[in-house]
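Below is one structure; the comments refer to it alone.
What follows is calculated from the coordinates using simple rules that are stated; it is not laboratory data. For clarity, every value in this text was computed on a predicted model and none was experimentally measured. Glycine also receives a Cβ, built like all others from the backbone with ideal geometry; neighbour counts cover every protein chain displayed.
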């Protein structure tokens, strides 16, 4: 289990979500983005990725401010994708 940062963008903010995904990819930040289907919000789960939390806040706020939360999660690479693993 590791500490991860989570936040949401409303489903109307598709362009901002795409910009943030591009920024994270360019900056080599490990993240999971659960895209909205038009009703629920876009949800991001972000690993620290050898950065300070403040650096990640600044990246996110440069696109659109969000309300942040921390949680403990199991993040693994499965079939080349970063996935959150839930153990029951």
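Students often check this: by mean Cβ neighbours within 10 Å, which of 11-21, 77-87 ranks highest, and how do the rest follow?
The peptides rank, most packed first, as 11-21, 77-87.
Would you mind giving the three semi-axes, in whole Å and largest first, of the ellipsoid equivalent to the chain according to its Cα gyration tensor?
19, 16, 13
Per DSSP H run of n ≥ 4, the term is -39500 (n - 2.57); total these for the chain, divide by its residue number, and report the mean residue ellipticity at 222 nm rounded to 500 deg cm²/dmol.
Counting only the DSSP helices, I get -8500 deg cm²/dmol.
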